[in-house]
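Contents: one structure, followed by commentary.
The values are calculated or read from the model by the stated rules, or taken from the named source; none is laboratory data. All values reported here derive from a predicted model rather than from experimental measurement. Cβ coordinates were reconstructed from backbone atoms using ideal geometry, including for glycine residues, and neighbour counts include every protein chain displayed.
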Amino acid sequence: MWRMNVDAEILHPIAISQVMLNFAAGYGVSEDVCLLGTGIDPTALLEADALITRDQELRLVENLMLALPDEAALGFKLGLQYNVATFGIWGFALRTSRTLFEAFRHALRYLPLSTAYCRIGMAEDGDMLCVRMDPAPIPRHLRQFLLERDMATAVNLVRELSLAGVHVHNIRFRAPDLEYREVIAGLVGVKPDSGCDHNELLIPRADADRPLSTFDAHLVRMLEDQCRQQLERRQQAGVAGQVRAHLLGELGLVAGIDDVAQAMALSPRSLRRKLDAEGTTFRHILETERRQLAERLLSATRITLDELAIQLGYSDTASFTRAFRRWNNVSPGEFRKQAQNKVPSVSP
């Protein structure tokens, strides 16, 4: 299995966000609603080379989810809006690959140049090639949406790259009961299975090895060099970004500095020193992420304070309440009342 970890802080092209804005507009959701709190300058949407951070893109995703809480398979529908051309050099490099299998290998090598937030890998199961997706690095409240977006994007790319008519044989989700499987079947002609061992797409291996009519050996080498250069430009250096990615990923906000340091193959002392050199601390990063998530969930869900305290990594509700008062000068309950007078509440 080839596996690419996308936890590192990578800047994303704003063009990918423009796809989300166009999608939202189709449902009557305005640009202002989508960009609320993202810090994205609307004028930057007109700049082809503009880049945004992971956090900005995730806030945009949250806004879209809050604006359309009752739309079934929303993430999957969004994923179907992305095509080869959306991804620029990365997409064209896939198109010029020798086979679909080689296109997948290239895709994984430079995965941060795509929209993917899942960790993605390949495996073989009999005569099937499995493209597996692990959403563990994604914040919990966004996992299913972004998993579906990534899977739908992959389905679309397979269809577009394989002009000879290769189709995804099956779609599998680990979720035990996906209520809108029929909706997905209507979108792509394949009814997903749920309660499976992996989140994955299955493609006949013989089809994956079939030569692509758009193969160009010269362009493959040239575009690979350009992908490598583009990835270097987009990488957002900094230990603080890596710490944030671990806290928002598998470790969660309950993690302490020892846990994060171990995940980064550093001693806690070295991690403190590196963060100090960047003008921040582990505590500041942790509190910032806790505060942002607390405010979002209080504004948009009916999650109880006890549940929220646990999700944010606090030992008890009283500790969370004291911290929240320190951040906002109001209690969590008061904040929720104020926020929900402006934003409709949805179930978590």
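Looking only at the range 92-120, how many residues end up being in a helix (DSSP H, G or I) and in contact (Cβ under 8 Å) with a residue 60 or more places away in the chain? Before you say what the answer is, go through the steps one by one.
The initial filter retains those residues of the range 92-120 that are in a helix (DSSP H, G or I), namely 92-95, 100-109, 111-113.
So of that shortlist, the ones also in contact (Cβ under 8 Å) with a residue 60 or more places away in the chain come out as 92-95, 100-101, 103-106, 108-109, 111-113.
So the count comes out to 15.
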From the list Leu266, Leu212, exactly one residue is touching a helix residue (DSSP H, G or I) at 6+ places or on another chain (Cβ under 8 Å), outside the structural domain of Gly37 (by TED's automatic domain parsing) and of a type outside the set (Gly, Ala, Ser). Which is it?
Leu266
Restricting to the range 171-202, what's the tally of residues that are modelled with pLDDT under 95 and within 20 Å of Leu100 (Cβ to Cβ)?
3
For Gly75, indicate whether it is surrounded by 18 or more Cβ atoms within 10 Å (Cβ to Cβ), in contact with a Lys or Arg (Cβ under 7 Å, 6 or more places away or on another chain) and touching a residue at least 12 places away in the same chain (Cβ under 8 Å).
yes
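Taking the condition in contact (Cβ under 8 Å) with a residue 40 or more places away in the chain and within 21 Å of Glu71 (Cα to Cα), does Asp177 pass?
Details: in contact (Cβ under 8 Å) with a residue 40 or more places away in the chain: no; within 21 Å of Glu71 (Cα to Cα): yes.
Considered against the rule, which asks whether it is in contact (Cβ under 8 Å) with a residue 40 or more places away in the chain and within 21 Å of Glu71 (Cα to Cα), Asp177 comes out as no.
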Can you find even one residue in the range 251-265 that is in contact (Cβ under 8 Å) with a residue 12 or more places away in the chain, farther than 30 Å from Ala277 by Cα and not in a helix (DSSP H, G or I)?
no
So how many residues does the range 157-190 have that are surrounded by 14 or more Cβ atoms within 10 Å (Cβ to Cβ) and in a loop (DSSP other than H, G, I, E, B)?
11
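Limited to the range 313-343, what total is found for residues that are outside any helix (DSSP H, G or I) and either of a type in the set (Phe, Trp, Tyr) or within 28 Å of the chain's Cα centre (by Cα) (or both)? First the steps, then the outcome.
Our first condition is that a residue be outside any helix (DSSP H, G or I); within the range 313-343, this holds for 313-316, 329-331, 341-343.
Pick out the ones that are also either of a type in the set (Phe, Trp, Tyr) or within 28 Å of the chain's Cα centre (by Cα) (or both) and you get 313-314, 342-343.
Result for the range 313-343: 4.
Hey, does the range 287-303 have a residue that's of a type in the set (A, V, I, L, M) and over 19 Å from Leu66 (Cβ atoms)? Step through it out loud before you land on a result.
Here is the first cut: in the range 287-303, the residues of a type in the set (A, V, I, L, M) are 293-294, 297-298, 300, 303.
Still in the running and over 19 Å from Leu66 (Cβ atoms): none.
Taking every residue of the range 287-303 in turn, none turns out to be of a type in the set (A, V, I, L, M) and over 19 Å from Leu66 (Cβ atoms).
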Checking the structure you have, find out if any residue of the range 225-246 is in a helix (DSSP H, G or I), over 20 Å from Arg54 (Cα atoms) and not aromatic (Phe, Trp, Tyr).
yes
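One line per residue, one yes/no per condition, for (1) more than 30 Å from Thr301 (Cα to Cα); (2) under 19 Å from the mean Cα position of the chain (by Cα); (3) of a type outside the set (Asp, Glu):
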{"residue": "Arg105", "(1), (2), (3)": "yes, no, yes"}
{"residue": "Tyr110", "(1), (2), (3)": "yes, yes, yes"}
{"residue": "Gly121", "(1), (2), (3)": "yes, yes, yes"}
{"residue": "Met128", "(1), (2), (3)": "yes, no, yes"}
{"residue": "Pro139", "(1), (2), (3)": "no, yes, yes"}
{"residue": "Leu161", "(1), (2), (3)": "yes, no, yes"}
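Of the residues in the range 290-307, how many are assigned to a helix (DSSP H, G or I), in contact with a Pro (Cβ under 9 Å, 6 or more places away or on another chain) and at pLDDT below 90? Give the derivation first.
First, the residues of the range 290-307 that are assigned to a helix (DSSP H, G or I): 290-300, 305-307.
Those left that are additionally in contact with a Pro (Cβ under 9 Å, 6 or more places away or on another chain): 293-294, 297-298, 300, 305, 307.
In the following step, the residues that additionally are at pLDDT below 90 were identified as 293-294, 297-298, 300, 307.
Total meeting the criteria: 6.
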Cβ pairs under 6 Å, 6+ apart or interchain, first in the range 281-302 and without any contact (Cβ under 8 Å) to a residue 12 or more places away in the chain, second crowded, with 19+ Cβ neighbours inside 10 Å, ordered by first then second residue, are Thr281/Leu275
Over the range 159-192, the set of residues under 22 Å from Pro135 (Cβ atoms) and polar (S, T, N, Q) is Asn170
Here are some conditions: (1) touching a strand residue (DSSP E or B) at 6+ places or on another chain (Cβ under 9 Å); (2) under 22 Å from Pro69 (Cα atoms); (3) surrounded by fewer than 20 Cβ atoms within 10 Å (Cβ to Cβ). Arg140 meets all but one. Which one does it not meet?
(1)
How many residues, within the range 191-207, are among the charged types (D, E, K, R), more than 21 Å from the chain's Cα centre (by Cα) and either at positive phi or not in a loop (DSSP other than H, G, I, E, B) (or both)?
3
